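Notes follow the structure.
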Amino acid sequence: MEALLNGSPKQKSFSTTRNLWIATGCVCIGAISVGFVLGYSSPAIPQLQKQALLTDEQASWFGSLITIGALFGSLIAGWTVDKLGRKITAIISVIPFIIGWWMIYATNKVLYFYTGRFVTGLATGHMLAAVPVYIAEVSTKDLRGMLGTGTQLGITIGILLAYSLGMVLDWRGLAIVGLLLPCLCAICMYFMPETPRYLIMKGKKPEALKALYFLRGKNADVEDEFRDIANSFDSSSGISCSEMTKPELFAPLKLSLLLMFFQQFSGINVIMFYTVSILQVLILI
């Protein structure tokens, strides 16, 4: 606490934000895991169909069931993120990842394929609720925008990884890689702190201060940031539904919802899930 009252001036060198970058990289492995799930069906489906393990109709369900699982996963994560924490939510996401990937790897039954895809979808929804919140709450103001792109970048890397490895691995080999990625995320996150904001929200101020020093550097002056986070809870009074009709709130909300709507209804998921199958058909034409 003495260091909090008599901290040295803020430093902006990389050494003071090194742990922040490391923490962001660790949680972004979770985003890569999500991207791998999204990209897996594209190289896997042609292989499964070639081995007569899936028909065309079954392949369409195999590709799309993760979206249903993700819906339920995100609903569950809404509770775990607040009750258990951002870090713990990311770590326990490994459980459905392992179960889902193992069900895909260890069998050649269609029902297990379906269940495995649904469960990995559950894991993606759960993980994606934690990753961006964790990044936003550990980041500094000047790096929050840059680090915030890590979630989508991680997803894109995961998709690319699934496509690339699909050229050299069969569907079972890809499932093993998909299983290992979230395990790596959980191991790395074990050594990372919970977000200071969550710790303060739960009344764990000494732990929050320790987390801030870890993220900002042991010689950093975290007094102002610590006070700002604490004051944000003291002055928080919430927003009523009537206030959401104000133009300054409703306009950005409307634009955000429209952006998400058109992104999903553009058919991008179809392209991601069935890229190889689509290209094979186009080549034959």
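Restricting attention to region 211-229 and to residues that are touching a residue at least 12 places away in the same chain (Cβ under 8 Å) and over 15 Å from Thr17 (Cα atoms), the residue that is most open to solvent (accessible area, probe 1.4 Å) turns out to be Glu223. None of Met272, Met192 is among the aliphatic types (A, V, I, L, M), open to solvent by less than 70 Å² (accessible area, probe 1.4 Å) and part of a loop (DSSP other than H, G, I, E, B) except Met192. Of all positions in region 232-248, at least one carries a residue that is more than 21 Å from the chain's Cα centre (by Cα), open to solvent by 70 Å² or more (accessible area, probe 1.4 Å) and among the aliphatic types (A, V, I, L, M). Taking (1) more than 26 Å from Leu199 (Cα to Cα); (2) surrounded by fewer than 18 Cβ atoms within 10 Å (Cβ to Cβ) in turn, Trp101 satisfies each apart from (2).
From the list Ser60, Ser41, exactly one residue is surrounded by fewer than 22 Cβ atoms within 10 Å (Cβ to Cβ) and among the small types (Gly, Ala, Ser). Which is it?
Ser60
Here Ile176 does not qualify as among the β-branched types (Val, Ile, Thr), in contact with a helix residue (DSSP H, G or I) (Cβ under 9 Å, 6 or more places away or on another chain) and buried (at least 19 other Cβ atoms within 10 Å of the Cβ).
Test Met167 against the criterion of being buried (at least 19 other Cβ atoms within 10 Å of the Cβ), of a type outside the set (Lys, Arg) and not in a helix (DSSP H, G or I), and give yes or no.
no
The values are calculated or read from the model by the stated rules, or taken from the named source; none is laboratory data. Note that the structure is predicted; figures quoted are calculated from it, not measured. Counting neighbours? That spans all protein chains shown, and the Cβs are built from the backbone with ideal geometry, glycine included. The area values use the complete protein model at the heavy-atom level, side chains included, leaving out ligands, DNA and RNA. Shrake-Rupley method; radii C 1.70, N 1.55, O 1.52, S 1.80 Å.
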